[in-house]
Amino acid sequence: MSATQVRLVRLALIVLLIVLWEIYARFVSTSSLIAGPSDVAMAWWPKVAGDSRVLSAVAVTLVELVVAFALSVVFGMLIGVLIGLSNIGRRSFYPLVLMLYGIPQAILLPLFVLVFGLGPASKIAFGFSHGIFPVIVNTLAGMRNVSPLLVGGAAAMGATRAQQVRYVIFPHMVTTVFAGLRLAMTLTLLGVVLAEIFVSQGGIGFFTLLYSETFNPAALMALVLTLALMAIALNELVRLVEARFSRWKD
């Protein structure tokens, strides 16, 4: 199946889902809290795109997300590489990383609020706590997939440890690392929005809670779809960066 055919199938599936959603909301559902796509589209302009407060909230959330994700990538890859460079590091620290990764982050939100306050710092820190662990785990997994013969050969030819990481290890773990980055992007967004819902007076999470409590399903769905489009755009950006590094690997 060609790339064009794949795109057409995806588009047809999206259109079908929208049609089924509209039919269900109009003719099947008996609840007034179910908004159809047409209602959502009509609510999108005055309630989301037409409201300067919501646009400012989107900008705040986007900044918090980008900062939290950037910190997750930098520190996650750094920690992952440092742990994965030695067998002692993998055996000593990797179980600790998995243990921390398994802790439900939501129960730690009050602690983040106590430490960082109610401002953007707590949302960034909470998003960072969601995003860093997938980066660490996938970085370690990618390093384990590199053949020891390649690393040993580079060392025998006089390559320093930094050169081994840059020219041998990193190109061979690109696919695994970027799989972790895409997961980290989603989890970072989840962490930021959760923090905004519970402790913020601004950001998308605040308006999501506001529309939910005021029983405004059309505006709520419009805001959720805006959030989804933002996540899709950011993940597509990560995919483009991955394609760039994949060419370097090849």
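The values are calculated or read from the model by the stated rules, or taken from the named source; none is laboratory data. Small disclaimer: the values here were computed from a predicted structure and weren't measured. Cβ placement follows ideal geometry from the backbone for every residue including glycine, while neighbour counts extend to all protein chains displayed. SASA here: full protein model, heavy atoms, side chains in, ligands and nucleic acids out. Shrake-Rupley method; radii C 1.70, N 1.55, O 1.52, S 1.80 Å.
In the set Val113, Val137, which member is closer than 26 Å to Val238 by Cβ, open to solvent by less than 70 Å² (accessible area, probe 1.4 Å) and either in contact (Cβ under 8 Å) with a residue 12 or more places away in the chain or not hydrophobic (A, V, I, L, M, F, W, C) (or both)?
Numbers: Val113 fails: closer than 26 Å to Val238 by Cβ.
Within the list Val113, Val137, the selection yields Val137.
Restricting the first member to segment 222-242 and to residues that are closer than 17 Å to Glu64 by Cβ and among the small types (Gly, Ala, Ser), and the second to residues that are open to solvent by 40 Å² or more (accessible area, probe 1.4 Å) and modelled with pLDDT of 85 or more, the beta-carbon pairs closer than 9 Å and six or more apart or on different chains are Ala231/Thr186.
Return yes or no: is Met185 modelled with pLDDT of 85 or more and either open to solvent by 60 Å² or more (accessible area, probe 1.4 Å) or not in a helix (DSSP H, G or I) (or both)? Show your work before the answer.
Numbers: modelled with pLDDT of 85 or more: yes; either open to solvent by 60 Å² or more (accessible area, probe 1.4 Å) or not in a helix (DSSP H, G or I) (or both): no.
Judged against the criteria, Met185 is not a match.
Restricting segment 190-217 to residues that are part of a helix (DSSP H, G or I), farther than 17 Å from Leu55 by Cα and touching a residue at least 24 places away in the same chain (Cβ under 8 Å), which is nearest to the chain's Cα centre (by Cα)? Write out each step before concluding.
Within segment 190-217, the subset part of a helix (DSSP H, G or I) is 190-199, 204-213, 217.
Next, from what is left, pick out any that are farther than 17 Å from Leu55 by Cα: 190-191, 194-195, 198-199, 212-213, 217.
With the extra rule that they be touching a residue at least 24 places away in the same chain (Cβ under 8 Å), the set shrinks to 190-191, 194-195, 198-199, 217.
Numbers: Leu190: 7, Gly191: 9, Leu194: 13, Ala195: 15, Phe198: 19, Val199: 20, Pro217: 25 Å.
Per the stated criteria, the residue is Leu190.
With respect to being open to solvent by 90 Å² or more (accessible area, probe 1.4 Å) and within 29 Å of Thr176 (Cα to Cα), Leu20 falls outside the description. Going through segment 27-46 one residue at a time, which ones are exposed (fewer than 13 other Cβ atoms within 10 Å of the Cβ) and part of a helix (DSSP H, G or I)? Passing the criteria: Phe27, Val28, Trp45, Pro46.
So in segment 1-13, with the set limited to residues that are part of a helix (DSSP H, G or I) and surrounded by fewer than 10 Cβ atoms within 10 Å (Cβ to Cβ), which one is modelled with the lowest pLDDT?
Among residues in segment 1-13 that are part of a helix (DSSP H, G or I) and surrounded by fewer than 10 Cβ atoms within 10 Å (Cβ to Cβ), the one modelled with the lowest pLDDT is Ala3.
If you go through segment 47-57 and pick out every residue that is open to solvent by 30 Å² or more (accessible area, probe 1.4 Å) and part of a helix (DSSP H, G or I), you end up with 5.
Scoring Val66 on the criteria (1) of a type in the set (Val, Ile, Thr); (2) at pLDDT below 85; (3) in contact with a Leu (Cβ under 9 Å, 6 or more places away or on another chain); (4) surrounded by fewer than 17 Cβ atoms within 10 Å (Cβ to Cβ) leaves a single failure, condition (2).
Matching residues to (1) touching a Lys or Arg at 6+ places or on another chain (Cβ under 7 Å); (2) more than 29 Å from Gly191 (Cβ to Cβ); (3) in contact (Cβ under 8 Å) with a residue 12 or more places away in the chain; (4) β-branched (Val, Ile, Thr):
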| residue | (1), (2), (3), (4) |
| --- | --- |
| Ala25 | no, yes, yes, no |
| Val40 | no, no, yes, yes |
| Ser72 | no, no, yes, no |
| Asn87 | no, yes, no, no |
| Pro95 | no, no, no, no |
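Each residue in segment 140-150 was checked for being without any contact (Cβ under 8 Å) to a residue 60 or more places away in the chain and open to solvent by 30 Å² or more (accessible area, probe 1.4 Å), and 6 of them qualify.
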